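A quick write-up on the structure given underneath.
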Amino acid sequence: MRRMNYLGNFLEDVRYGVRQMRSSPGFTAAAVLTLALGIGANTAIFSVVDSFLLRPLPVADPGQITVLDSPQKQGFALPLFSIPDYRDLCVQAGTVFSGMFSYLSRFDGLSVNGKAERIRASYVSGNFFSTLGIQPAQGRFILPSEGETAGADPVMVLSYNYWKGRFGGDPEIVGTKVSVDGHPVTIVGVAPEGFYGTNVLVAQQAYLPLGMAVFGQAPDFMANRGSRLVYVGARLQPGRSFQQAQASLDVVARRLSQQYSDTDKDLAIEVFPELRARPIPQAGRLMVVIAGLFLGLTAIVLLLACVNVANIMLVRSTTREREMATRAALGAPRSRLVRQLLTESMLLALAGGAAGILLGYSGSRALGSVDLHANLSFRVGLDWRVLAYALGAAILTGLIVGTVPALRAARGDLSAILRSGGRGMIGAHQRLRCALVVAQVGGSLMLLIIAGLFVRSLGAAQQTKLGFDPSHVLNLGMDPKEIGYSAAQNRAFYKTLIDDVRALPGVLSVSTAAAVPMGYVIKGDSLAIDGYQPPSGQPAPNVSYNVISPDYFQTMRIPMARGRTFTDADDEKAQYVAIVNEVMAKHFWPNQDPLGRHFTMTREPKHSMQVVGIARDSRFLGVTLAINAHFYVPYAQHDEANSLETLQVRTAGAPELLIPEVERVVATVAPDLPVFDVETMTDALNTLAGLLIFKIGAALAAAFGILGIILATVGVYGVISYVASQRTHEIGIRMALGAHSQDILRMILGQGIVIVGAGLTIGLAAAFSAAHVVRNFVTVSATDPLTYLIVSATLTLVAVLACYIPARRATKVDPMAALRYE
């Protein structure tokens, strides 16, 4: 019976709470909208964090999947291994792993009925799918025996989404012969729905055996231990820990470094849980910190929203004190009154949570649609974790905004309330409301300062000297390999294309480059440098480089410090040459003349390259990072594995106006060739390695700051308006005794200024405390005085204006009406 009574009371509380919400539509709308903004912001950010860092791979026992990394002690590095090292790892580390797989990803040209289109393809080891523990939706997967021999086993598995979108989900596609990069391939299966590969940023569209990757790579890439091209993952044996796996890999790494000292000297291998290795192991910890920072900012927004609604509910609890006192006098226990008020706050919070989920879904879709360039994207969506997070935020919000008003309303002195005749007992309530507004102003100031630092960092990044001129440059990506061109055909194609585009009116210079500054294509290799010995205990230096045509420096306007640029005579028959930047020259040949020096790339050990020029330093990866050693080599001498190039055209006028003409020339030279990433060089800087990360950070922080200042302004306005209305009788007496309107204005405004001043003080202290967290993500000083001054002055002006309006209204009160005010 007690349980039935509790249930009945609960349903009565819900019905009464709904009636209260319907009877006060203005209050309900304000509270629900305020909570929706706070919960929506949290839901949107958490959905991105969930998709990127928390959502496990859709495979069997995803917690057992690990990622291997080979950290470098110096120079350019990616978590890549050579295929011979991968094979040794499979044999020697089998006691802790039930299976290891390897893969490399790239873009290829898929031709169906003679028409080529660009696809994202993964070249995987034969045990890739079996180790992940997934089953095909159609046909079969690549077999463990396939892919061991270069160029053999021409089969392909389509992703589920690509199969649905490109082939309409036709089950008869299995067994169809198509062409990939001009090589015949048979489609043998379709991957399961929801599986996009092992990279959370890149949705793969097709999978081929690893041996098929030889088309487009150096011929010896499967046997060259110095050619680090593949990512390696593994599945832990049941019952094995990451510590045991790491200990086993340490032993294997030492053994390989001793056995193959020329390529694997001081080899190190680390193992990470797959969730901690996104997008690459070295960035995993940084991504967690970034996610924590923005989740913290949204939590502050939600807290400010809670404070705002709590203030509104305190006003309602004051006006309902007589109601609560009457209920208590009629026998209602205080616990019953508290439950009633908490039920009302929970209903508001759940309504705000439902609206917040809708806002959060829209926000997450907007974040997911951000153009990351190079066909990268977040796969953002709402799943049970996001919905549970939103529900938890709504419940916590309801408890926060409802507990204090409920306890205060239920603890009231019945006799005093009933004797007050309905005016309300405002002393303690007013102090609490003022304290809440102080917290609002302080939190808003901290949010605004952080937003100001991000915005100022974006401005500083945009003003960074790049070392090249991105204006009036048009980029067009292309890869003749995608239509089956050979290396000789590639050379002829690019030579004809450059000549034809150079002849177009308005074109100043034309060149090609394998990698674009701030782009996602990054080339690097270990070097053997004449006259340079790595420090004791360190491997050969790994340096980034670019493969370019002769006019590249003219097109990008990178000046030469000394020596010469490349010419058409620097072909495969001539002495192999290179141009180094100033950092590389100073680092490897200090106090020496680098011109005439030689070095050798690991992937091309047969060709020693002579330094013929020194280019001025320019930024290649990151607009604010330190410029590292970098060198350039001519395309004519390195065309074998560098068919993917970006055509760069410097124009006299607006480069986008020449897009149709340049595309027409490309179509004339190679009619079936797909052209991609067509954009100006200025737009091409908007990548995660360039300005985009600053723009996203500035936009999100600014949005949170704007929400904060709106909530703070509403809070300040609300509390001063309420205080002024509660002092109407006092104002009438003062005016009857001779007080002027200016005196009343100073009295009300002064109270507001005290509240704002206290909030500013707390906010500045909080901002200084948060500076050590933010400083790693901004390029300006985290205690930048200009930012603090401008933001503080802006918030002060807005808050004082919010105080002035109700204070000014109080001076217009009719003294006679005020004296009769109850």
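The values are calculated or read from the model by the stated rules, or taken from the named source; none is laboratory data. Just so we're clear, the structure is a prediction, and the values are computed from it rather than from any experiment. Every residue, glycine as well, gets a Cβ built from its backbone with ideal geometry; the counts of neighbours run over all protein chains shown. Ligands, DNA and RNA are stripped out before the accessible areas are found, and what is left, the full protein with its side chains, is counted by its heavy atoms. Shrake-Rupley method; radii C 1.70, N 1.55, O 1.52, S 1.80 Å.
Per-structure values
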read-out: Most positive-pole-ward Cα, Ser457, Ala514, Ser486, against dipole of the range 453-544 from beta carbon charges; value: Ser457
read-out: Share of alpha-carbon pairs per 5 Å distance bin for the range 1-131, given as whole %; value: 2, 7, 8, 10, 10, 10, 9, 8, 6, 5, 4, 7, 8, 5, 1, 0
read-out: Amide H contacts of Gly563 (H built 1.01 Å from N, under 5 Å, at least 5 apart or other chain); value: Ile614
read-out: Vicinal HN-Hα couplings computed from phi for the range 170-187 (Karplus, 6.51 cos²θ - 1.76 cosθ + 1.60; Hz; Gly/Pro x); value: 6, x, 6, 5, 5, x, 6, 9, 10, 10, 10, 6, x, 10, x, 9, 10, 6
read-out: ³J(HN,Hα), Karplus 6.51/-1.76/1.60, whole Hz, each residue of the range 500-506, x for Gly, Pro; value: 5, 5, 4, 7, 6, x, x
read-out: Extension gain, Arg746 back to Ile522 (0.36 nm per residue minus Cα-Cα distance, nm); value: 74.2 nm
read-out: Solvent accessible area, Å² - Tyr231, 1.4 Å probe, full protein context; value: 70 Å²
read-out: Fully extended contour minus Cα-Cα distance, from Lys265 to Gln538, at 0.36 nm per residue; value: 97.5 nm
read-out: Of all DSSP beta bridges in the chain, antiparallel share, percent nearest 5; value: 80 percent
read-out: Calculated SAXS-style log₁₀ I(q)/I(0) at q = 0.11 Å⁻¹ - the range 583-652, Debye, Cα scatterers; value: -0.37
read-out: Simple Cβ-charge dipole of the range 697-822, Lys/Arg +1 and Asp/Glu -1, about Cα centre, in debye nearest 20; value: 140 debye
read-out: Equivalent ellipsoid semi-axes, the range 710-822, via Cα gyration tensor eigenvalues times 5, rooted, Å; value: 39, 11, 10
read-out: Tilt relative to the chain, helix 692-726 - C-alpha long axis, 0 to 90 degrees, to 10; value: 0 degrees
read-out: Förster radius 30 Å - calculated FRET efficiency between Ser362 and Glu193, Cβ distance, rounded to 0.05; value: 0.75
read-out: Computed Kirkwood radius, in angstrom, where 1/r is averaged over Cα pairs of the range 205-356; value: 22.7 Å
read-out: Zone of Gln554's modelled label, taken as backbone nitrogen in the range 476-500 under 16 Å from a point 7 Å along Cα→Cβ; value: 495-500
read-out: Average accessible area per residue (Å²) across the chain - probe 1.4 Å, nucleic acids and ligands excluded; value: 42 Å²
read-out: For the chain, calculated [θ]222 nm from helices alone, where every DSSP H run of n ≥ 4 adds -39500 (n - 2.57); value: -16000 deg cm²/dmol
read-out: Lys/Arg +1, Asp/Glu -1 at C-beta; the range 191-322 dipole; positive extreme among Pro219, Ser241, Gly296; value: Gly296
read-out: Base-10 log of normalised Debye intensity for the range 509-603 (one unit scatterer per alpha-carbon) at q = 0.11, 0.15, 0.17, 0.19 Å⁻¹; value: -0.37, -0.70, -0.90, -1.12
read-out: Whether the range 692-756 is rounded, prolate or oblate, judged on the alpha carbon gyration tensor where a/c under 1.5 counts as rounded; value: prolate
read-out: Lys, Arg +1 and Asp, Glu -1 on Cβ, resulting dipole of the range 438-518 about Cα centre, debye, nearest 20; value: 180 debye
read-out: Asp568 paired with Asn113, simple spin-label distance in nm, labels 7 Å along Cα-to-beta-carbon; value: 4.2 nm
read-out: Relative contact order (%) - the chain, alpha-carbon pairs under 8 angstrom, separation at least six; value: 17 percent
read-out: Peptides ranked, highest mean first, by Cβ atoms within 10 Å: ranges 270-281, 241-252; value: 270-281, 241-252
read-out: Two-site FRET efficiency, Thr464 against His772, from Cβ-Cβ distance with R₀ of 30 Å, rounded to 0.05; value: 0.80
read-out: Where N is the number of residues in the chain, Cα Rg divided by 2.2 N^0.38 Å; value: 1.18
read-out: Ranked packing of 447-457, 42-52, 28-38, most packed first, by mean Cβ within 10 Å; value: 447-457, 42-52, 28-38
read-out: Taking the range 239-292 and dividing mean pair separation by its residue count, relative contact order in percent (alpha carbons under 8 Å, at least six apart); value: 26 percent
read-out: J(HN,Hα) series, the range 563-571, from Karplus relation 6.51 cos²θ - 1.76 cosθ + 1.60, nearest Hz, glycine and proline x; value: x, 10, 8, 6, 10, 5, 6, 7, 10
read-out: Share of carbon and sulfur in the accessible heavy-atom surface of the range 514-646 [1.4 Å probe, %]; value: 49 percent
read-out: About the Cα centre, charge dipole magnitude for the chain (Lys/Arg +1, Asp/Glu -1 at Cβ), debye; value: 4460 debye
read-out: Percent accessible area from carbon and sulfur atoms, the range 28-183, protein chains only, probe 1.4 Å; value: 56 percent
read-out: Distance violations [Cα-Cα > 30 Å] among Lys177/Lys606; Lys164/Lys481; Lys265/Lys606; value: Lys177/Lys606
read-out: Cα lying deepest toward the dipole's positive end in the chain, options Leu367, Tyr532, Pro79, charges on Cβ; value: Leu367
read-out: Cα-projected label distance for Leu387 with Asn9, points at 7 Å along beta-carbon direction, nm; value: 3.2 nm
read-out: Nonlocal amide H pairs with Ala137, under 5 Å, H built at 1.01 Å; value: Val190, Ala191
read-out: For Phe97, residues with placed amide H under 5 Å, excluding near neighbours; value: Gln237
read-out: Ranked by how many other beta carbons lie within 10 Å on average, peptides 624-634, 253-263, 540-550 from highest; value: 540-550, 624-634, 253-263
read-out: Between helix 25-49 and the chain: long-axis angle, C-alpha atoms, 0 to 90°, nearest 10; value: 20 degrees
read-out: Rounded FRET efficiency, nearest 0.05, which uses the C-beta distance separating Leu330 from Arg276 and R0 of 56 Å; value: 0.40
read-out: Nearest 10 degrees, 0 to 90: helix 741-774 Cα axis against the chain principal axis; value: 30 degrees
